[in-house]
1. Could you say whether any residue in region 137-150 is touching a residue at least 24 places away in the same chain (Cβ under 8 Å), more than 17 Å from Met54 (Cα to Cα), touching a helix residue (DSSP H, G or I) at 6+ places or on another chain (Cβ under 9 Å) and part of a helix (DSSP H, G or I)?
2. Could you please let me know if Tyr125 is among the aromatic types (Phe, Trp, Tyr), open to solvent by 80 Å² or more (accessible area, probe 1.4 Å) and over 10 Å from the mean Cα position of the chain (by Cα)?
3. Looking at (1) of a type in the set (A, V, I, L, M, F, W, C); (2) surrounded by fewer than 18 Cβ atoms within 10 Å (Cβ to Cβ); (3) part of a loop (DSSP other than H, G, I, E, B); (4) at pLDDT 90 or above, which one does Leu105 not meet, given that it meets all the others?
4. Give me the pairs: first residue in region 84-100 and farther than 22 Å from Ser39 by Cβ, second residue assigned to a loop (DSSP other than H, G, I, E, B), beta-carbon distance under 7 Å, and six or more apart or on different chains, which are they?
5. Can you name the number of the only condition in (1) within 24 Å of Ile146 (Cβ to Cβ); (2) open to solvent by less than 40 Å² (accessible area, probe 1.4 Å); (3) not basic (Lys, Arg) that Ile53 fails?
6. Against the conditions (1) among the basic types (Lys, Arg); (2) at pLDDT 95 or above; (3) surrounded by 13 or more Cβ atoms within 10 Å (Cβ to Cβ), where does Lys41 fall short? Just the number, please.
Amino acid sequence: MGCAISGSGLTSRTAESRNTEDEAPARLTPDHIQLIKESWKVIQEDIAKVGIIMFVRLFETHPECKDVFFLFRDVEDLERLRTSRELRAHGLRVMSFIEKSVARLDQLEQLETLAQELGKSHFRYNAPPKYYGYVGAEFICAVRPILKDRWTSELEQAWQTLFQYVTAIMKDAYLEEERSKRSQTLPSSRERPDKRNTAI
């Protein structure tokens, strides 16, 4: 809705949709890092505004995402969302994560740890990976008008790459947490009743 990249390649990859091109992790180049850092200086001046725009757009373009957010699940009025203190607070938390990510662009190991922690926490919140890529697309749509003539195709590619990089790590951490919890809840073969010895 109004942004050409909605539904672009930023959508989280599923096992069925992966192709050989998608298998390689996104690579952040020094040019990407420089472009992101420079643009972030401007974006952070409107950090709360971007957070709200991003989530209102997310719920408008992908209403199924509201299922993950208990507080907003039944809110149909977009104007009510725009003025919601809870949505503003959540938008600021996401923007804070992006700010921390930008601050760690020169220490990718630390950025990876940050993204892993977020992926694991999303498992606990029951927020599946299929939604992660939407946030990056809506972030880009929200910041483009703020950056105006500073916005270039190179800058768009840099931000897309950062979101692809982070969401891939988050997804892996989510799935790892899911596997870990599943293996903890499965009874061992010794704990399972042996049907051959079950009296009827």
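The values are calculated or read from the model by the stated rules, or taken from the named source; none is laboratory data. This one's a predicted model, so the numbers in the text were calculated from it and none came from an experiment. Cβ: placed from backbone, ideal geometry, glycine included. Neighbour counts: every protein chain shown. Heavy atoms of the whole protein, side chains included, go into the accessibility calculation; ligands, DNA and RNA do not. Shrake-Rupley method; radii C 1.70, N 1.55, O 1.52, S 1.80 Å.
1. Start the filter on region 137-150 by keeping residues that are touching a residue at least 24 places away in the same chain (Cβ under 8 Å), which leaves 137-144, 146-147, 150.
Cutting the leftovers down to more than 17 Å from Met54 (Cα to Cα) gives us 150.
Subsequent filtering for residues that are touching a helix residue (DSSP H, G or I) at 6+ places or on another chain (Cβ under 9 Å) retains 150.
Those still in the list that are part of a helix (DSSP H, G or I) too: 150.
Checking region 137-150: at least one residue is touching a residue at least 24 places away in the same chain (Cβ under 8 Å), more than 17 Å from Met54 (Cα to Cα), touching a helix residue (DSSP H, G or I) at 6+ places or on another chain (Cβ under 9 Å) and part of a helix (DSSP H, G or I).
2. Against the criterion (among the aromatic types (Phe, Trp, Tyr), open to solvent by 80 Å² or more (accessible area, probe 1.4 Å) and over 10 Å from the mean Cα position of the chain (by Cα)), Tyr125 qualifies.
3. Here Leu105 meets the rest and fails (2).
4. Glu86/Leu71; Leu87/Phe72
5. All conditions pass for Ile53, except number (2).
6. The one condition Lys41 does not meet is (3).
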